Each structure stands twice: as structure tokens, then as C-alpha cells.
1. Against the conditions (1) open to solvent by 60 Å² or more (accessible area, probe 1.4 Å); (2) farther than 23 Å from Ala541 by Cα, where does Gly638 fall short? Just the number, please.
2. Evaluate segment 393-409: report whether one residue or more is open to solvent by 50 Å² or more (accessible area, probe 1.4 Å) and either outside any helix (DSSP H, G or I) or touching a residue at least 60 places away in the same chain (Cβ under 8 Å) (or both).
3. What is the residue count in segment 266-313 for residues that are among the acidic types (Asp, Glu) and open to solvent by less than 50 Å² (accessible area, probe 1.4 Å)?
4. Looking at Lys422, Lys456 in this structure, which one is open to solvent by 60 Å² or more (accessible area, probe 1.4 Å) and either touching a Pro at 6+ places or on another chain (Cβ under 7 Å) or among the charged types (D, E, K, R) (or both)?
5. If you scan segment 438-454, which residues turn out to be closer than 23 Å to Thr464 by Cα and polar (S, T, N, Q)?
6. Write out, first by first residue and then by second, each pair whose Cβ atoms fall under 7 Å of each other, whose residues are 6+ apart or on separate chains, and whose first residue, in segment 189-207, is within 30 Å of Asp515 (Cβ to Cβ) and of a type in the set (Gly, Ala, Ser) while the second is open to solvent by 50 Å² or more (accessible area, probe 1.4 Å) and at pLDDT below 80.
7. Go through segment 549-583 and report how many residues are over 20 Å from Leu628 (Cβ atoms), among the small types (Gly, Ala, Ser) and not in a loop (DSSP other than H, G, I, E, B).
8. When you go through (1) more than 30 Å from Arg537 (Cβ to Cβ); (2) in a strand (DSSP E or B) one by one for Val255, which number turns out not to apply?
Amino acid sequence: MACRLWQVQILDGDRYAGAAAAEHVRRITLPAVRGRIVDDRGRPLVRNRTAMTVTVDRAALGRLPDDGRAVLERLARVLGRPRAELSGRLRICGPETGRPCWAGSPYEPIPVAEGVAERTALQIVERPEDFPGVAAVPQPVREYPQGGLAAHLLGYLAPDDTPGRGAGGTSLVGRDGLEASYEADLSGRAGSREIVVDSTGQVLRTLREQRPQAGATLVTSIDAKVQAVVEKALERAVERARGRGAPADSAAAVVLDVRTGRVVAMAGHPSYDPDVWTGGIAQDDYERLTGAGHGSPLVPRAIQGQWPPASTWKVVSTAAAVADGHDFHGRYDCSGSYRIGDRSFRNFGGVAHGTMDLHRALVVSCDTIFYRFAHEMWREDERSGRPAEPVQRMARAFGFGAPTGVDLPGEAAGRVPDRAWKRSWWERTRERTCADARTGYPETARTDPARAAYLKAIAAENCTHGHVWTAGDTANLSIGQGDVLVTPLQLARAYAALANGGTLYSPRVGKALVDADGRVVRTITPPATGRLPVSGRTLSAIREALADVPRSGTAAAAFAGFPFDELPVAGKTGTAEAYGEKDTSWFASFAPADEPRFAVVVVVSEGGSGGEAAAPAAREIWSGIYGLEGRRAALPGGRLSARLPDLTREAR
């Protein structure tokens, strides 16, 4: 025994002493101040403000006779929160510990309430004898000086619970939008402090400290005034549609700079106030943001909403038809209907417009001319045995069927249906489809027998022949109906390429990152990702046709009295039909028509025809951008900021 004691004390003394010292050195993460997000003129979209945060020292509570239960009871009464909630926040996260819990170091103060009113904080600070181990300290939190403006673009922060990151439970990270995409730049670099504690957890001294480095400011290409115009136009479009009895369950709009691919504005409706995330979101607020019954306002529909594009798609079909050998200036019959097999495909409203060229076909949005082109292309594919699928090929060249690559998370890919897709879909759904063909739809039959019978007949057809790509599928695709899906951003990018002469960009919202000293860390440039396989002559002819749509075509009523001499607008309406639902309204446009600078796309889900809901909203956006029809210009002369803003002073 004596020998063992001698070995421990003398021979191994230094080793054990070192181990004991190491066990009492603790590392605490010091979070960095998060960078701001501003618009292209320096107007703040997100910045930091100081808010009072109540923290609790677990070690101090642990030294009390009752482990701090009485202190937590008093604190809960002052804060107006259940004691169980505060206790939960003080638990250390682990494999067996559910939320809420603390993911940071147990040797640093743990926040239990954020955004506390100063009056409440004073009650705690002025009574230290009642609240040992409790502090109320100012900490930076996110502030939104423009209110709910651009909420879907900005995103939000949430606690970082990523294992192994070592950022501590105080760390908030971007969970959506720009906050997530530029997390590494905005968050800065955390600092650290190494402290020595005794066996009870009492801090004895600080060994070393590395100060945190503030995050960079993200300068965006968003113009706050244009963004406000777009959001107001969407809100009014939805209100008008509902006033006509349409559900108008959602809407979205995009404004792109066609010359650069930068996003000038992007919005979705319904939206929300991002301030709801500050200090931790309440459960009922979270359910409201994510629940379908409230319109799912958290969904950024400009990049995640997907609808059939309807007649806005005809620019793709026109380009495909010309590439397939049809003359843009040839004469074609716009009949009231076109027959394929045993089915008659009708023109919109069944109206016949007579013989016309493709310029006129785009202006009046003739369906039957495109049905005929599609049928001819389908027959050629069937004869060849090696389908070329010219419409699908052209659609993909326009950027459809794949994400645009925008610097925002969660972008949907859309869908360009073809033979391979249809077979794959049939194989995945055949079992269910065949079951529906046998049993029908009994629940639907009780309330709507006609719809149930229709659905059963469709299921029977799809069960047997659902894998076959038919001439009818190609006909529907040619006018943007059927199984094709696009996002508003995809459509805006395609029209921007059409307007700029054929360059397809991957859009960007970020413009530059600037550090705290005003040094440009990185500029962000939208990359050109391709060229439209369309001749300059054909692109010019399509643009000329679209310039007549608001003047004398399907958008003429929506643009009646518009000052085209000041701003010639080119565009295309779209009315997407779906069985059992109201039509979805589209308008895709660019201006000035003779020298395009911006593309504007609007969609109102179940809002009516393209000329009823989307086109009037687009008109409002164009007037707001350029200051027409008695409005104040958001961009006088349509000029964007040519240089980065001076971030040493706040723009207005």
C-alpha cells in the first residue's frame, strides 16, 4: 500500500496533477455579431438590435440547498412563464434528452427568456438576493426595419443544434432564405474563452480569450421600393379575385433584370412577419405559418410553387415549331377545335379566328394551331421509332424541368413530362390507380357522383394504358397544360432570356459581401448557364408578337388606357385549367418591349383567367416601377443602382 501511495504521489504526481487541471479548464464559445442584409441602395432589410435576455447560471443554482427550485419559481412568476419551461431550458442536451434543452456549455449562463421587457428585467437586476445566479443582459437580436417586406427572401434564424459544431446553444443559424444560403458569411467567426473552474463549477480565472469576428453585410440586388410595389400588387390581385368569387388561395411574382440575371424583387402571398421568430417562435405561431388551413404562409411560392404555365408556354412551342421547320410568317388555320383520335381539342371558348401567322397566333393565343403542330411532331416521333420530342427538348433549353440555381434554399425543379417520365410515373402509381379503377371513389360519389364517375373512368384508362405517351399528351404540353409544371422564377428566367437575346442566367439575389471595415469580401455575379437554341430572327419575331398582346390581344382589357408611348410592355397571358378547380392566372412580361430591361411574372393560383387577375397585377407593378399612371416611381427611369452602396450611413 505504501509503495502504491509513493508511486501515485511521487512518480505519477505530475501526470495526475495535469489531468486534474485539464478537467477544470472549460472552453466557452463567444458568438459573433451577425452581419446585416441590405438592399441594392443600402436600405436595411435585416439588422441587429439589442434586447434583454434573462440567463441562469446552472452551477450557482446547484449550490443552493433546494437546487434552485425556489429561485426558478420566483423567476417564472416575474416572467409570466411556467416553471417547467424554464427548467426544460436548463437541461443539458444529450441522447436521452428531448427538447427543450441546452446544447451549449454548462459553464456559461443559459438563456431562458429572450426579448424581455426592460421593466421586467429591472425587477430581476434590482433583487439579486431573490435571484442568485440569474442575470438580465443585453444581447443582439434580429430586427426587420421594413416589417414583413421580403420575408420569404430573408428567411429566419433558429437555434443551432447540429452535433459537433461547438457553437453553443446561444448560437442561431439561418434556417431559410438568404439567412441560410449565406450563413457562413453572415455568422462571422465565433470567438472563445478558456476558463478555470473548481470542482463546484465556480469560475476561478480566465486563461485566454479570442475575440469573435463580426459577420459580413450582405448587399442584395433587391430594391426595397420595387419589392413593396410587388407585394402590394399581389395583395390587391388576391383581394380582387376573391371579390369575383375566385378562391385565389395564393400568388407569387418575380422581377428580374434581364441583362444581368439579378433578382430585383420576389414575393409570395400569403406572407408573414419575420419578427415572429425573434426570441423563439411560439407553437401556435409555428402551426399558423405551416398549416394549410392558414394558407401555409411560410412557403416561398416564387421558387417552390409549381403550376401548369398555360399559354405563357407558347413561346416555347413557337420556338420548337419554327425549329421543326414551320415558317413563323406562314398561314395556319385557327379553327374552333382540332380532332386527335376520338377526342376534340377545343380552342379557348371554342372560338375560331380564321387563318393567321404565328405572330397573330400568339396575340390571340390560338390553341388549335399549336395542337396541330404538336400532333404532327408526335406522329413524326412515332414513325421514327426514336422520339426527338422537340417541344420537351426546347423546354429544357429554356431552363424548365430543372432548378434555376438561385441562391435560395429549397427551390423546386418543376416538370417537363415526356415518355420516360410518364412510364416511370405509371410504374410508381399503377397499383393504386388500378385499385381505384376497380373500387371507384365511394366517398366522392356520395357528394359528387359525376366527378366520381369521371375519376373512375380516368383511373381505368390509366391502369391499362397510363404508360403510353399519346398525341393528346403532346397537344396538352404544347399549350402548357397537362402534367407540365413550372415555378414563377423559372418562367421569369425564360422570358428574361427571350428578352435579352437568348442568354439564360442562373438568378442571384446576393450582390456582394462587405466586411465591417467596408472592404468588399466577395462580389456575386449571376452566371450565364446557356443560350437558347433559337435564331435571333425568331426571338425578335416572338418579342414583336408579345408586344401586341397588351395592346390588342388577350391582355388588352387589363392594359386598356396604359401609356404604351412611355413604356411599351410585351407579355403573354396564361389560363391554367384543372378539373374541379378554378383557373390559375398567369402573366409573363418584359419591358421596355423595344429595349428590354426587366421581366415581370405574376401568378394567382385559382384567380381566374390570365387577363383577369395576373395581368392587372403586372400592370400595377410596371406602373409602380416606372412611375406611370399617377404613381411615384420606385425606380425613376428604370435605373438600378450602378454601384455598391456606402454602408457607413443608412440609406432611406
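1. Every condition holds for Gly638 apart from (1).
2. We begin by selecting, within segment 393-409, every residue open to solvent by 50 Å² or more (accessible area, probe 1.4 Å); these are 393, 396, 403.
With either outside any helix (DSSP H, G or I) or touching a residue at least 60 places away in the same chain (Cβ under 8 Å) (or both) added as a condition, the list becomes 393, 403.
Checking segment 393-409: at least one residue is open to solvent by 50 Å² or more (accessible area, probe 1.4 Å) and either outside any helix (DSSP H, G or I) or touching a residue at least 60 places away in the same chain (Cβ under 8 Å) (or both).
3. From segment 266-313, those among the acidic types (Asp, Glu) are 273, 275, 284-285, 287; that's our starting set.
Now drop any that are not open to solvent by less than 50 Å² (accessible area, probe 1.4 Å), which leaves 285.
Selection size over segment 266-313: 1.
4. Values: Lys422 fails: open to solvent by 60 Å² or more (accessible area, probe 1.4 Å).
Exactly one of Lys422, Lys456 is open to solvent by 60 Å² or more (accessible area, probe 1.4 Å) and either touching a Pro at 6+ places or on another chain (Cβ under 7 Å) or among the charged types (D, E, K, R) (or both), namely Lys456.
5. Of everything in segment 438-454, those that are closer than 23 Å to Thr464 by Cα and polar (S, T, N, Q) turn out to be Thr439, Thr444.
6. Filtered contacts from segment 189-207: Ala190/Pro31; Ser192/Arg27.
7. Qualifying residue count, segment 549-583: 2.
8. Result: Val255 fails condition (1) only.
The values are calculated or read from the model by the stated rules, or taken from the named source; none is laboratory data. It should be emphasised that the depicted structure is a prediction, and the values quoted were computed from it without experimental measurement. As a convention, Cβ positions derive from the backbone with ideal geometry for all residues, glycine included, and neighbour counts pool all protein chains shown. Note: areas computed on protein heavy atoms with side chains; ligands, DNA, RNA excluded. Shrake-Rupley method; radii C 1.70, N 1.55, O 1.52, S 1.80 Å.
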